[in-house]
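What follows is calculated from the coordinates using simple rules that are stated; it is not laboratory data. Being a predicted model, the structure only gives us computed values, none of them experimental. Counting neighbours? That spans all protein chains shown, and the Cβs are built from the backbone with ideal geometry, glycine included.
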Amino acid sequence: MKVLIVFYSMYGHVYRMAQAVAEGVGEVPGAEAVVRRVPETLSEVILKGMGAVEAQKSFAHIPVCTVEELAGSDAIIFGTPTRFGNMCGQMRQFLDATGELWAKGSLVGKVGGVFTSSATQHGGQESTILSFHITLLHQGMIIVGLPYAFQGQLRNDEITGCSPYGASTIAGTKGERTPSENELAGARFQGKHIAGIASRLVSR
């Protein structure tokens, strides 16, 4: 059973979360985590001006996802940074190329989920995931979030991401904060949870 993890990351925060999601998927017997990134749409000049070139080298080895790979998976978990309360433009452009999959119903019945990051604690994490769900619903996917069985999202002794809608991390206004262990645990939980549900559906 293949679980596709498709992400966009500018400074590496979402990539680190994607790695944790993949670790969670790997805990489910028979589940294979396949990590892919969406194509970059910004020029290197712009990326350099944003200080993102060096950070992106850490995941440049990850293959770019093709639309066809979505149809060939049993579950898809998407990761995107927040951009004004929505998914980033790179992810939006990639999803806008899935019209043929929609027309054929290629993603109907597949399990899907979303994880994200934002610069600040209240930077639009929940709205990003919820608005992303609209696309998955149009594709006929079965949406799975991060249930309260992951009790790390009930913590109030530290500032942390994660909500019932999906795992998330806070990057800091200068990208200085890396995902905390609690946030990574949420990502692992979501990956394992989605893979487990997909496995049960595939085996029926």
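Quick notes
- Measuring spread by the Cα atoms of the chain yields a radius of gyration and Dmax of 15.8, 51 Å.
- Cα radius of gyration and Dmax for segment 35-121 (Å): 14.4, 42
- Pairs with C-alpha atoms separated by more than 25 Å, drawn from the list LYS48/LYS174; LYS2/LYS104; LYS104/LYS192, are LYS104/LYS192.
- Residues considered: GLY85, GLY172, GLY124. Largest GNM mean-square fluctuation over the chain, using C-alpha springs under 10 Å, is found at GLY172.
- Amide H contacts of VAL35 (H built 1.01 Å from N, under 5 Å, at least 5 apart or other chain): ILE5
- For segment 89-204: rounded, prolate or oblate by the Cα gyration tensor [a/c cutoff 1.5]: oblate
- In a DSSP loop and with at most 13 other Cβ atoms within 10 Å, the GluC sites (Glu not before Pro) in segment 128-204 are GLU158, GLU176.
- Summary of the geometry: segment 121-136 and segment 19-90, compared by the centres of their Cα atoms, lie 17 Å apart.
- Along the chain, longest interval not containing exposed chymotrypsin sites (Phe, Trp or Tyr not before Pro), exposed being DSSP loop plus at most 13 other Cβ atoms within 10 Å: 1-83
- Computed E for SER43/ASN156 - FRET, C-beta separation, R0 41 angstrom, nearest 0.05: 0.45
- FRET efficiency, ARG204 to VAL67 (Cβ-Cβ, R0 22 Å, nearest 0.05): 0.25
- Normalised by the number of residues in segment 42-138, the average gap of Cα pairs under 8 Å and 6 or more apart makes the relative contact order 31 percent.
- Amide proton proximity set for GLY112, modelled H, under 5 Å, gap of 5+: ILE76, ILE142, ILE143, VAL144
- In terms of surrounding Cβ atoms within a 10 Å radius of their Cβ, SER163, SER118, SER43, SER131 rank from fewest to most as SER43, SER131, SER163, SER118.
- Under the span-like rule (Cα at least 30 Å along the axis, Kyte-Doolittle mean at least -0.5), DSSP H helices of the chain: 181-202
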